[in-house]
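Everything on this sheet refers to the single structure shown next.
Every read-out reported here was derived from the displayed coordinates using simple, explicitly stated rules and does not represent laboratory data. Since the structure is predicted, the reported quantities are computational estimates derived from the model, not experimental observations. FYI the Cβ positions are ideal-geometry reconstructions off the backbone, even for glycines, and counts take in every protein chain you see.
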């Protein structure tokens, strides 16, 4: 889960908790308000019952006009509704909020369009009182709730913006992974993300310097090697023995092929090589690999057996795969007790096998450069593995019938 999704979840949970808190507060506030209203209405009912009981010898009309009763209703913010039609309409249209029996009276709290009414039903009288105190909406609670949501929203925007450089850093790292070392992620800010970006940029500059130095060193060596080869070719032209001249010429040509091979390895290791993919016959690729071998016809016949049992095509880079196969063949000849290799091309791919003991270690150490498991630099299988990986092919190893077998196939799509 990405850090942005985690932040979204945190703020969503915070919003839910904030809503739950204010919802609970509003519910408690509403219940308290209702209890206060009920208490006020019950007190009013008690007073009216006592008033009418004490003045039972008087008529209802005289009791209603009593100055003390009028003063009490005025101070209690109640208005007595006396018009029969209006009373009937309110009793019919209103909804009962609360109902309770007190002594001989039944009281109802009736709401009509946001206005509360107290209806008292007694065997001696019936009264409908209008509550003049307005039922107010809890605007203050709503204001603080909206303020809390706004604060969370602003905090979320601020936090996501502060993490925005992470996306930029991620895209720049992807460019570095693709081989572009000219990327700069330097930042002038002072936060932790800027510190990581600056540390990465410093490491990148050092890495770029090291790679450039290595490339310069390797290219200088290859350039210096070409000079004696060119001089050797020039001197070879003056040899009187044609057979000897042809032999030297073949050696110089193979040396130039080796230098070209080193150049491709250098490009591959520096991630600057761009594969030229197309469909090729496996047989043509293997024949090209054999041409890269420093073997004459007699040595080729003595060490290499090529069996073509079926047509197989690969979508790959012709030269790079030929170089990888050449290294596999080199290793097979070098480390086989009889110094022989069998190359089999069938409908299942390219199989390169040699007789000999199984690897004493797992295959993984042999895929590392300069592993030192055998004689030499230990670059053979490392070059093969990186080439196969770059070309999106599959390299399988098996030990069967006292043979080490490497099979190259196209990845299934």
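The table that follows gives values for the structure above.
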| item | result |
| --- | --- |
| Whether the stretch 3-131 is rounded, prolate or oblate, judged on the alpha carbon gyration tensor where a/c under 1.5 counts as rounded | prolate |
| Length-normalised contact order of the chain in % [C-alpha pairs under 8 Å, at least 6 apart] | 8 percent |
| Cubic angstrom per residue, convex hull over Cα atoms of the stretch 150-194 | 68 Å³ |
| Helix-only [θ]222 nm of the chain, DSSP H runs n ≥ 4, -39500 (n - 2.57) each, per residue, nearest 500 | -19500 deg cm²/dmol |
| Gain in span if fully extended, residue 35 to residue 287, counting 0.36 nm per residue against the direct Cα distance | 81.0 nm |
| Cα shape, the chain, gyration tensor, a/c 1.5 rule | prolate |
| Computed lengthening from residue 152 to residue 100, 0.36 nm per intervening residue step minus Cα-Cα distance | 14.2 nm |
| Packing rank of 62-72, 122-132, where each peptide gets the mean count of other beta carbons within 10 Å, highest leading | 122-132, 62-72 |
| Rel. contact order, % - alpha carbon contacts under 8 angstrom, at least six apart, the stretch 3-131 | 16 percent |
| Ranked 344, 243, criterion: other C-beta atoms within 10 Å, fewest first | 243, 344 |
| Among 252, 262, 137: highest mean-square fluctuation, GNM of the chain, C-alpha pairs under 10 Å | 137 |
| Full-extension gain in nm, residue 93 to residue 56, via 0.36 nm per residue minus C-alpha separation | 10.1 nm |
| Cα gyration tensor shape of the stretch 222-348, rounded if a/c is under 1.5, else prolate or oblate by comparing a/b with b/c | oblate |
| Distance in nm between pseudo-label sites at residue 394 and residue 139 (7 Å out along the Cβ direction from Cα) | 7.3 nm |
